[in-house]
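Notes follow once the structure below has been shown.
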Amino acid sequence: MSSALYVGPDSQPDKYRLVRSVGRGGDSTLYLAEAGDAGWVEPVVVKMLTTGFVTTAAQFAQLSNEWSEQAELLASVTRVGAVGVLDHFEGAVEHRADQAAEGGERALYLVMNHVSGMDLRDWRAEHAAEGPRGQREALRYLEQLAGVLDVLHSGRATPAKRAVVHGDLSPGNVMIDRDGQATLVDYGMGAIAARGLDGGPRPTEGYAAPETATGAYSPAADRYAFGAIAYFTLTGQEPPPGPERLRTVFSELPVLNGARPEERAAVLAVFSTDPAERPSVLQWIKRVRSLGTSTPWSTTEPPAADAPSTTPASSGAPRHITFGGPGPQRPVGGMRGTPAPRRPVPAPAPPSSPVRPVPQPRPLGDTTPMDPVPGSPAHTGERKKKKSRKPLLAWLAVLLLVAVGVGGVGAYTAFDRWNRNQPATSVEPNQQLAPVSSPPSSPSPSPSPTPEPSPSGPSDGPFDEERSLTELTPAATSPAALEWTTARMDDRTYNRSLTADLSCVGENWNDYDLARSWDVFEAVVGMGDLSAPTASAVFTVLVDGDERYAETVQSGDQTLVRIDVTDALRLRLGSEAGVDCDDAGLAVWGDPRLLG
C-alpha cells in the first residue's frame, strides 16, 4: 500500500498529493504537492490552516465563510511579485488514497503557485560574504517587495479595487527566484481566524505589529512587518519583539548616523505604535536608501572567520552590520545617494586641494585637456591600457627634421659642385660682388626624446575620439527604457539627452556595450525644467556590474558625472524616482558621451 498522503475538496478528496512539508507557522502548515493525473503533473503549494482553536461548529462555519471570501479576493490578484492563488476548499485532513474519513476532522486549504528559488532568510545567509554588492541586491529586493505591498494595499491589484492585507510578513514568506525577482508568498490567512477567536494563530514574533495581538490586521500592520524585514535583511539579525525595542536598534544602524532629526523621525515612523503614522513602504525604503549614501563606509571590522556564531542581545544594534568580507563595509542603504544641495556645477578648486573637482561640462567636439577623473580607481599592472600617441608624434617630428636637414646639405653640395665647374665671369669696374654667405652648417640631429610614460588613467586628455550615447543602440533595457529626446535643465537645452519619465514603481535603465574601447563616460544629470519643485531622482552608473556613482538630485540642481570606464565591457545608466515619487518628474542625462 502506498504511503502517500492526499488532500482535496469533498468532490475530489485525493486531488492533491502531498510530497513533503516545506514550512510550519503559527497558523498553518505548508506542503509541496502535486496536482494533475498521470499524464500531467503540476507542482503547487498547499496551505492547511490549523483549526484546533475552533471549539464549536458555528465558529468553524464562520471561519470557513470568511476564509472562502478572502481566498476569492486573493485569487483575483494578478501581479508580478505576488504569488497566484489557484484553489481553496474545505475538506478532510491529510489521508491515504481513497481513505478520506467521512464525518472526521476537517481543515481549510489554500492552493498557490509554486515559486522556485530560496526564501529571503536563506538568501541572506548565502550572500552574507558579498559585501556592498550583497547589500545592493538586498535593497533591490526590498524595493521590489515594497512596490508589491503598496499596490496590494491600494486596491489596484484586484478588479474590485479592494485592499489586500498579507497578514504574516516575514523573511520566510519572501521568495527570491533565479531571475532575481522577489515574490510575496504564503498569505497570512490566520488574520481571518484571529478576528473574534481567542487562541487563534498570530503572525511571526518580531514581525507582528502590536495591534495584531487583538486581531486588528490592516495595511499598517504589513508596513510594520516590512520595516522589521528590512532590519533583518540589512543586519542578518532577527528583530526584537515590540515597537520600542525595534525603534531603538534600528536607530543605531549606520544608515541613520548622518540623518537630520526630521529624517530620522520619518524612518522610525514605520515602527510607530499608532498605525496611522506608518508611511508607505515604497517611499520609506527609498528614503532609507537615499540616506545610506551620505554615510561613509563602516569602519567596523567584521568578526574573525573562526569566531563562534552568537546571537546578539536584542536590546541594542548588532556590532557587526556587514555582508561579510575583509576590510571596511558599506553601511546600510549604501546603494543610493543623498539629496544633493542646491548648487551650480562646482568650479575647479586650487591645485593644492587634495580633492580634484569635477570639471565644467564641454560641448561635443571639444577635445581640450580634461582634469583627472575624480575618484578614478588605481589601475594594476595587469590591466590593459591605451598607449599614448604623444611618443609617436614626437618621433615623427624628429624624423621630419632629420629629413629636412639631410635634404638641405645635399642641395648645397650639389649647387657648390656645379658652380665650380662654370667659367669665371668678368666683372665691370663699377660692379660690386655680393658677399658670399658662409655655407650653412649641417643641422645636427636632435637627441631622440624619451617617450613619456602612459598615464595611469585616461583623464589627462586630449581624447582622440568621442561618441554620444544617443547614437548607440542599447544592449539591454528595462521595460521602461531611457529614451533619446531633447530636454531642458536650468533653461539650457540639451539636444542629445537620455530621459526617463519616472513613476513610483521600478527603475529606468539602459545597458551599453563598451568593448574596452573607451576611457571616460561623461554627462550632466538633473530634473527637467517642467518637473515639480519637489521632484527628485536617483541617478546610478554601473560599470561591469560595479556601482561607480549613485546620487539623488533635486529639481533645479544639475550635477556633472564623470566616470572612469577604462577597459570596461558594460555600462549601465539608471534613473528612478526619489522619495516623493508622486511628483516624480523627468530625469535627464544631458549630453551623455564616451571619450577615448
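Yes/no matrix, rows are residues, columns are (1) at pLDDT 85 or above; (2) in a loop (DSSP other than H, G, I, E, B); (3) in contact with a His (Cβ under 7 Å, 6 or more places away or on another chain); (4) assigned by TED's automatic domain parsing to the domain that holds ALA163:
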position	(1), (2), (3), (4)
SER11	yes, yes, no, no
LEU30	yes, no, no, no
GLU34	yes, no, no, no
THR51	no, yes, no, no
ALA71	yes, no, yes, no
LEU74	yes, no, no, no
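Taking the stretch 93-111, which residues are of a type outside the set (D, E, K, R) and within 20 Å of LEU32 (Cα to Cα)? Reasoning before the result, please.
If we filter the stretch 93-111 for residues that are of a type outside the set (D, E, K, R), which is where we start, we get 93, 95, 97, 99-101, 103-104, 107-111.
Residues satisfying the conditions are VAL93, HIS95, ALA97, ALA100, ALA107, LEU108, TYR109, LEU110, VAL111.
Enumerate the pairs (first residue in the stretch 267-288 and in contact (Cβ under 8 Å) with a residue 12 or more places away in the chain and closer than 16 Å to PRO239 by Cβ; second residue anywhere and acidic (Asp, Glu) and buried (at least 19 other Cβ atoms within 10 Å of the Cβ)) with beta-carbon separation below 9 Å, excluding pairs fewer than 6 apart on the same chain, so at least 6 apart or on different chains.
Listed pairs, sorted by first residue: VAL281/ASP150; VAL281/ASP222; ILE285/GLU143.
Quick one: count up the residues across the stretch 79-94 that are in a strand (DSSP E or B) and surrounded by fewer than 20 Cβ atoms within 10 Å (Cβ to Cβ). So that I can check it myself, show each step before the final result.
Narrowing the stretch 79-94 to residues in a strand (DSSP E or B): 82, 85-92.
With surrounded by fewer than 20 Cβ atoms within 10 Å (Cβ to Cβ) added as a condition, the list becomes 86-87, 90.
Total satisfying the criteria: 3.
Select from the stretch 64-78 the residues that are crowded, with 17+ Cβ neighbours inside 10 Å and within 32 Å of the chain's Cα centre (by Cα) and write down the one among them that is farthest from VAL165 (Cα to Cα).
ALA75
Name the residues in the stretch 497-512 that are on the phi < 0 side of the Ramachandran plot and not in a strand (DSSP E or B), would you?
Of the residues in the stretch 497-512, the ones on the phi < 0 side of the Ramachandran plot are 497-505, 507-512.
Across the stretch 497-512, the qualifying residues are LEU502, SER503, CYS504, VAL505, GLU507.
Among the residues of the stretch 502-514, write down those that are at pLDDT 90 or above and surrounded by fewer than 20 Cβ atoms within 10 Å (Cβ to Cβ).
At the first step, the residues of the stretch 502-514 found to be at pLDDT 90 or above are 509-514.
Result: ASP511, ASP513.
Of the numbered conditions (1) buried (at least 18 other Cβ atoms within 10 Å of the Cβ); (2) of a type in the set (Asp, Glu); (3) within 22 Å of LEU32 (Cβ to Cβ), GLU126 satisfies every one except a single condition; which is it?
Just one mismatch for GLU126, condition (1).
Among (1) touching an Asp or Glu at 6+ places or on another chain (Cβ under 6 Å); (2) modelled with pLDDT under 90; (3) not aromatic (Phe, Trp, Tyr), where does MET175 come up short?
Evaluating MET175 over (1) touching an Asp or Glu at 6+ places or on another chain (Cβ under 6 Å); (2) modelled with pLDDT under 90; (3) not aromatic (Phe, Trp, Tyr) leaves (2) as the failure.
Determine, yes or no, whether PRO203 is buried (at least 20 other Cβ atoms within 10 Å of the Cβ), at pLDDT below 85 and not assigned by TED's automatic domain parsing to the domain that holds ASN65.
Criteria met by PRO203.
Hey, among LEU184, LEU108, which residue is hydrophobic (A, V, I, L, M, F, W, C), outside the structural domain of ARG278 (by TED's automatic domain parsing), surrounded by 17 or more Cβ atoms within 10 Å (Cβ to Cβ) and under 30 Å from ASP10 (Cα atoms)? Before you say what the answer is, go through the steps one by one.
Values: LEU184 fails: outside the structural domain of ARG278 (by TED's automatic domain parsing).
Sole residue among the options that is hydrophobic (A, V, I, L, M, F, W, C), outside the structural domain of ARG278 (by TED's automatic domain parsing), surrounded by 17 or more Cβ atoms within 10 Å (Cβ to Cβ) and under 30 Å from ASP10 (Cα atoms): LEU108.
Quick one: PRO443 ticks every box in (1) touching a helix residue (DSSP H, G or I) at 6+ places or on another chain (Cβ under 8 Å); (2) at pLDDT 90 or above; (3) of a type outside the set (Gly, Ala, Ser); (4) farther than 30 Å from ARG79 by Cα except a single one, so which number is it?
All conditions pass for PRO443, except number (2).
Please pick out the residue among GLY258, GLY206, GLY242 that is out of contact with any helix residue (DSSP H, G or I) (no Cβ under 7 Å at 6 or more places or on another chain) and closer than 25 Å to ARG24 by Cα.
Values: GLY258 fails: closer than 25 Å to ARG24 by Cα; GLY206 fails: out of contact with any helix residue (DSSP H, G or I) (no Cβ under 7 Å at 6 or more places or on another chain).
Result of the check over GLY258, GLY206, GLY242: GLY242.
For the stretch 211-225, what are the residues that are assigned to a helix (DSSP H, G or I) and surrounded by fewer than 24 Cβ atoms within 10 Å (Cβ to Cβ)?
Listed by number, the residues that qualify are GLU211, THR212, ALA213, THR214, PRO219, ALA220.
If ARG124 meets every condition in (1) modelled with pLDDT of 90 or more; (2) assigned to a loop (DSSP other than H, G, I, E, B) apart from one, which number is that one?
In the conditions (1) modelled with pLDDT of 90 or more; (2) assigned to a loop (DSSP other than H, G, I, E, B), ARG124 misses (2) alone.
What's the total number of residues in the stretch 468-496 that are within 19 Å of VAL541 (Cβ to Cβ) and in a strand (DSSP E or B)?
Going through the stretch 468-496 one residue at a time, the tally reaches 9.
The values are calculated or read from the model by the stated rules, or taken from the named source; none is laboratory data. Computed from a predicted structure; not experimentally measured. Using ideal geometry, Cβ is built from the backbone for each residue, glycine included, and neighbour counts are taken over all protein chains shown.
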